[in-house]
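Working notes for the structure below.
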4 protein chains.
Amino acid sequence: MNFASDNTAGVAPPILDAIVAANRGFALGYGRDEATARVTQRLSAVFERDVAVFMVATGTAANALALAHLSPPWGAALCHDECHLVTDECGAPEFFGGGLKLIGLAGEGGKVSVATLNRALERGPWGGPHHVTASVLSLTQATEAGTIYRVEEIRALAALAHDRGLAVHMDGARFANALVRMNASPAEATWKAGIDVLSLGATKAGALAAEAIVFFDPARAANMGERRKRGGHLVSKHRFVAAQLEAFFADDLWRSLARHANGMADRLAAALTAAGAAPVWPVEANEVFVVLSREADARLQAAGASYYPWSSQSLPAGITVGADQVMVRLVTSFATTEEQIAQFVSLIR
Amino acid sequence: MNFASDNTAGVAPPILDAIVAANRGFALGYGRDEATARVTQRLSAVFERDVAVFMVATGTAANALALAHLSPPWGAALCHDECHLVTDECGAPEFFGGGLKLIGLAGEGGKVSVATLNRALERGPWGGPHHVTASVLSLTQATEAGTIYRVEEIRALAALAHDRGLAVHMDGARFANALVRMNASPAEATWKAGIDVLSLGATKAGALAAEAIVFFDPARAANMGERRKRGGHLVSKHRFVAAQLEAFFADDLWRSLARHANGMADRLAAALTAAGAAPVWPVEANEVFVVLSREADARLQAAGASYYPWSSQSLPAGITVGADQVMVRLVTSFATTEEQIAQFVSLIR
Amino acid sequence: MNFASDNTAGVAPPILDAIVAANRGFALGYGRDEATARVTQRLSAVFERDVAVFMVATGTAANALALAHLSPPWGAALCHDECHLVTDECGAPEFFGGGLKLIGLAGEGGKVSVATLNRALERGPWGGPHHVTASVLSLTQATEAGTIYRVEEIRALAALAHDRGLAVHMDGARFANALVRMNASPAEATWKAGIDVLSLGATKAGALAAEAIVFFDPARAANMGERRKRGGHLVSKHRFVAAQLEAFFADDLWRSLARHANGMADRLAAALTAAGAAPVWPVEANEVFVVLSREADARLQAAGASYYPWSSQSLPAGITVGADQVMVRLVTSFATTEEQIAQFVSLIR
Amino acid sequence: MNFASDNTAGVAPPILDAIVAANRGFALGYGRDEATARVTQRLSAVFERDVAVFMVATGTAANALALAHLSPPWGAALCHDECHLVTDECGAPEFFGGGLKLIGLAGEGGKVSVATLNRALERGPWGGPHHVTASVLSLTQATEAGTIYRVEEIRALAALAHDRGLAVHMDGARFANALVRMNASPAEATWKAGIDVLSLGATKAGALAAEAIVFFDPARAANMGERRKRGGHLVSKHRFVAAQLEAFFADDLWRSLARHANGMADRLAAALTAAGAAPVWPVEANEVFVVLSREADARLQAAGASYYPWSSQSLPAGITVGADQVMVRLVTSFATTEEQIAQFVSLIR
């Protein structure tokens, strides 16, 4: 019953197999191997345009390097005030960005609305030279609340951002989970809707440690190689990172893994609802947030269930967490089983 | 015939097996798994004292994070002027260190001598407040020239550094190669000789991507966790990094792998010497530097040999590289075979 | 009728005289002159304890250097969300702090309340290692809304901050204006109430360009000299900065100047109130904020009045700015005259 | 007998008068005053083309901000290894440049030669992505050795730098001193010879605290305003900085002051030569370096002479400093008198 995070799961077998298979002979380091080239080709096919790809081992690196590349140090990245960038990366974007500022915007269910973004951009003041310049909009897909931005939402947010001169970044640590929930292609869910740079996560989705920073305009990626290197994020035996991503995108594995994780979340949500603990936000990816009684919480923990308590300022109207209650986050993954869910829910009743 | 780098080799089988074995069940991320705790215990045993350990995926990260932790931004790290920190990390130490300065010192065979260090420290000026403060001495073990610092050399350098208030860091990307060449224990070769913090490399030695920053005084490691995290260097599925190091230090694997690599270097050096191409520096680890005729170089490359040309300002007196010659670096690894060496040398004659 | 800022005034005559008087003979640069030593002595007397003093030419430098010295890069400075640090320094604290984070707290009238601070500290999460660590509380005195923190408020806020391990900084760009409004000594208004470091402004108060970073615990100032120097903030002909501060603190000039500025603000507030435009916040220093009709605004501007429009999220309940209105900020200084006020108010009616 | 530095002199009377004169009425802060606009116009006339000007209070700020604007963080600024940037700014360029690297080049008399620059650029490796990229050449004019770069030297160095993609910066803390020694206009000595950005010093030359960063291509200055502001280097009562520069460039004051200082240096050099202590380097600006006996040194200090001992690795062949000798630096300024020189030299004999 491990619902603590999708990174508590191990590695999906085809990806582990690919790592093992990559261990043949010698290969030049630092990305000059053939597998690395194939990943860029593969992602260009996946996204239906030539992309520039920079692989790194962590999501924090992907996000922080991407933002630093899209924003001058006197810039500000606008994003949801409870997103991972703001709350869980210990200031990595500020560090890599030379002191750039993150400006958190409120929004129900972890999502920034067009109206909120517009208000922030209107309010200012920006630039000139006393004030930082709004330079990037960063959207988290899926959000920290397990919700997703639909294509038309991304399009409207990105259009507004572009109109005001901002670049648009997507933190896609759970991009696959979001994508398989939509009726949209990878291209439609990203650059066709206005995303300039995507942090495309594979680790939470089943890889060992592999994330890709995808520039939809390769010209924009100039010198990203130097930025990654001096961040210490150029893995030397790079073929093993590439092998993970190659396997991830082969045979639609990434979608299969994400569909499984999402399906388990749906199943968990349904069972919890039936047990009287309906999720507080729509379950659109692989995260389920529910309010439990402290009694149920204690029972679950005693039984070995693993998950984290959660707090949020972006709960829907009407949802409150009482003194004898606790809100918890339950994350499913490619490795979650029906048995785990059944056991978990049985302990709630 | 791949002698381009020790990172062109793959993963040593016991380490790959350990990665596969680690893929069982769930484990908390970010280092809260059991394997991570075991690695710290193991390294405490290896070094015969309680150490604080921070694992990362790249050597550049290990070095840059360590230096940033040992030096204020207005500090200067003194090191050999051809060491990896200075030449091959694209400014990572300066970036992580908030603009700290690297001061490169000359020295034959990639080594800083006590006399040179003393002269640099005497010359100054340091601090007060116009000048940077000499804050760290960083020794590369083995050096970029494939030579090693002996225990008594480390002791003398570290004593001088400590006398002047500097911390002492060791870039041990090839620490195992150096160690097995000495008649010294890991403790004797590090903290007993005055090393404060060691970047202990496993990747070049046979791991997939695993380096350990080892603080011999755990108190000095306060907040290193935050520094690593905001550098994007806290791997989420941390058990897989820990598994590599656990296997590396089990059953003396690290020494076996290093002995093999060094032995291959010795064999290569002997054969090259016999063929009239004696190494320019003593072969003390797993790197051999020789001057080849351009003709031999062309023949080798045509035959598929892989290696890099090299240049250095720290050649021994009397060694010159003629217009029709090229100096090359040949690196052996756990994966180098006698056949590769025989084939390589046969092409030189 | 210049109410644009207190920095639109020139230099108070005694301070200008002191600059002229300082121009005799030679003096060592970079603070090794005698006037600099006298300023430290004088401030030690003013604050009734030995202080360490670092003079700089701008308030932004004073604030940013102070915060960087009080906080690690992975720290967070908590402050009002409309304070100068957050809104008007183009990211200087983030830059000097190596990417530290400013966390803006809401509060009526530009003030952070104990309850708000407590809530922020309770909410967290902080540190460990995913989250930044709350490291500094910065209070702006007087606030951007022209209000002041009373001694007991400072004491309560600082006590809470200290309990949680935070240092306490005061941005005293308008410290003199605040002080003369209170029944408190400089010591009582600062370190006796828990302030650790004060950015003590003289520029807005009548100097040419002189600010002092005052450490109430000199031990805490270790290496601040290096930090200032590498920030480019060590003025070479330092005697001229020192001369300004020496004059400022001689003969109670600083209080006289501040009393005049505050008195003019009171007079302006009274006249505006009588004219039906009562200030939106209590006038406690030298700033008056009022809501004008757009018609009056146009009339004033046509007559050459100089001031800035203002917006705020921290207005008192019940205060709104209509579509045909504009809120404006009026700042008085040592140079403001009764005639300017009379003329201004006459144009409002 | 103060020869410690040109910044031990006070303010030239016309500049002090201008400060006093500027203290009339109100003026918008932060450079929106009329004097600031006039300085840009004046400098455009002085340099015979439209320039963008950013004024700051210190030379370190001018240099560090300029380099940070000309170089990416992964860049390297090449400069003389004993120049002010490298030795006396406590890492300011590295800090402002986000960890950029300074690469010091050797050269007699404080000067970088074309051959040395070429060798450094040829040697590399640069970029791609393991190595920093050579991004800026910074020339110090006059040099720290009191020598100057002639127009043809600047032209050759700049041409080489531009060919290799480097920008060219001039640290002109003593630009006026150099200029009046040449038969060249300000334009010929800068942009016509290939200088892209000039740190133009007025402080050492007679101002209180005023330096101008001059961009010869204003387009290159985009966002320099933000960079200056977040560095804390935008002086609020900006008219007083502008007034200094306006006076400095009025009536050829800058040349008169520099001619006086240089003339005093020449006189001092001649008298020292006559006394058997010929300068070690050609005296081309306002600095004289001589080797004194320790006995003479003691006699001078006992008599109250103020100057600094100096050491250098760039002495001409044949010049050595014996155990009973000391090399000293003697700096003249606009305030140096013939009497001071006569007294000084009389003590040497």
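Return the whole-Å distance between the Cα centroid of region B:176-223 and the Cα centroid of region C:250-280.
66
Under a point spin-label approximation (7 Å from Cα along Cα-to-Cβ), what is the residue D:274-residue C:223 distance to one decimal in nm?
5.2
Counting Lys and Arg as +1 and Asp and Glu as -1, each charge on the Cβ, what is the dipole of chain A about the Cα centre in debye, to the nearest 20?
Dipole magnitude for chain A comes out near 560 debye.
Within 10 Å of each candidate Cβ there may be at most 16 other Cβ atoms; applying that plus a DSSP loop requirement, which trypsin sites (Lys or Arg not before Pro) in region B:1-47 survive?
For trypsin sites (Lys or Arg not before Pro) across region B:1-47 that sit outside H, G, I, E and B with at most 16 neighbouring Cβ atoms in 10 Å, the list reads B:24, B:32.
Assign one of three labels to the protein assembly as shown, namely rounded, prolate or oblate, based on the Cα gyration tensor with a ≥ b ≥ c the square roots of its eigenvalues; rounded applies when a/c is under 1.5, prolate when it is not and a/b is larger than b/c, and oblate otherwise.
It is oblate, given that a/c is not under 1.5 and a/b is not larger than b/c.
For the protein assembly as shown, give me the percentage of DSSP beta bridges that are antiparallel, rounded to the nearest 5 percent.
Of all bridge pairs located within the protein assembly as shown, approximately 50 percent are antiparallel.
Go through region C:87-97 residue by residue and turn each phi into a ³J(HN,Hα) via Karplus (6.51, -1.76, 1.60, θ = phi - 60°); whole Hz please, and just put x for glycine and proline.
Each residue's phi maps through the Karplus curve to give 9, 10, 10, 6, x, 4, x, 5, 5, 5, x Hz.
Using the heavy atoms of the protein chains alone and a 1.4 angstrom probe, what is the accessible area of the protein assembly as shown per residue in square angstrom?
32
With chain C rotated onto chain D, spot the residue of C whose Cβ lies nearest the axis and note the distance in whole Å.
Nearest Cβ to that rotation axis, in whole Å: C:57, 2.
For chain B, which whole percent of the accessible surface, found with a 1.4 angstrom probe, sits on carbon and sulfur atoms?
50
Label residue B:319 and residue D:152 with points 7 Å out from Cα along Cα→Cβ: what is the distance between them in nm?
4.2
Let me have the relative contact order for chain B, percent, based on Cα pairs under 8 Å that are six or more residues apart.
Rounded, it is 25 percent for chain B.
Would you please name the trypsin sites (Lys or Arg not before Pro) within region B:91-144 that are DSSP coil residues with at most 13 other C-beta atoms within 10 Å of their C-beta?
none
So the label point goes 7 Å from the Cα of residue B:298 along Cα→C-beta, right? Which residues of region B:314-333 then have their backbone N under 15 Å from it?
Within reach of a label on residue B:298, which here means backbone N under 15 Å from a point 7 Å along Cα→Cβ, region B:314-333 contributes B:323-326.
Hey, which of these cross-link pairs are over 24 Å Cα-Cα: A:111/D:229; A:229/D:101; C:192/C:237; D:101/D:192; B:101/B:237; A:192/A:237?
A:111/D:229; C:192/C:237; D:101/D:192; B:101/B:237; A:192/A:237
Could you run the numbers on buried accessible area between C and A, total for both chains, 1.4 angstrom probe, in Å² to the nearest 100?
Rounded to the nearest hundred, the buried surface is 1500 Å².
With springs only between Cα atoms under 10 Å apart, run a GNM on chain D and tell me which of D:195, D:319, D:103 wobbles the most.
D:319
Under a GNM of chain C (C-alpha, springs under 10 Å), which listed residue has the highest mean-square fluctuation: C:134, C:77, C:120?
Judging by the Gaussian network model, the answer is C:120.
Short version: which residues of region A:302-326 lose at least 50 Å² of accessible area, all chains versus chain alone, 1.4 Å probe?
Residues shielded by partner chains are A:308.
Kyte-Doolittle mean at least -1.0 and Cα extent at least 30 Å along the axis: which DSSP H helices of chain C qualify?
The qualifying helices are C:253-274.
Please give the average number of partner chain Cβ atoms lying within 10 Å of the Cβ of each residue in C:122-135, rounded to a whole number.
4
What is the sum of charges, Lys and Arg at +1 and Asp and Glu at -1, for the other residues whose Cβ falls under 9 Å from the Cβ of residue C:52?
Around residue C:52, the surrounding residues sum to -1.
Quick one: of the DSSP bridges fully inside region D:134-226, what percent are antiparallel, nearest 5?
Counting DSSP beta bridges with both partners in region D:134-226, the antiparallel share is about 35 percent.
With heavy atoms of protein chains only and a 1.4 Å probe, what residues of region B:39-60 have at least 40 Å² less accessible area in the full set of chains than alone?
Hits at the 40 Å² cut-off: B:58.
Rounded to the nearest 5, what is the percent of antiparallel bridges among the DSSP beta bridges in chain C?
The antiparallel fraction comes to roughly 50 percent.
Any idea what the dipole of region B:75-155 comes to, in debye rounded to 20, about its Cα centre with Lys/Arg Cβ at +1 and Asp/Glu Cβ at -1?
Here the size comes out at about 300 debye.
Once amide H atoms are built 1.01 Å from N in the peptide plane, which residues 5 or more positions from residue B:168, or in another chain, come under 5 Å H to H?
For residue B:168, the qualifying residues are B:137, B:196, B:197.
With runs of 4+ DSSP H residues as the only contributors, calculate the mean residue ellipticity of the protein assembly as shown at 222 nm using -39,500 (n - 2.57) per run, divided by the residue total and rounded to the nearest 500.
Result for the protein assembly as shown, helices only: -11000 deg cm²/dmol.
Which parts of region C:220-256, residue by residue, lose 50 Å² or more of accessible area when the rest of the protein chains are there, as against the chain isolated (1.4 Å probe)?
Buried by the other chains: C:226, C:229, C:230, C:232, C:237.
As an exercise, use a Förster radius of 41 Å and the Cβ-Cβ distance of residue D:183 and residue D:21 to find the FRET efficiency, rounded to the nearest 0.05.
The formula returns an efficiency of 0.75 here.
Return the whole-Å distance between the Cα centroid of region C:77-120 and the Cα centroid of region D:97-170.
That distance is 42 Å.
For region B:283-349 and region C:286-336, what is the separation of their C-alpha centers, rounded to whole Å?
So the separation of the two Cα centres works out to 77 Å.
The values are calculated or read from the model by the stated rules, or taken from the named source; none is laboratory data. Nothing here was measured: the structure is a model prediction, and the numbers come from that model. Methodologically, a virtual Cβ is constructed for each residue, glycine included, from the backbone with ideal geometry; neighbour enumeration extends over all protein chains shown. Heads up: the accessible areas ignore ligands, DNA and RNA and are worked out on the full protein's heavy atoms, side chains in. Shrake-Rupley method; radii C 1.70, N 1.55, O 1.52, S 1.80 Å.
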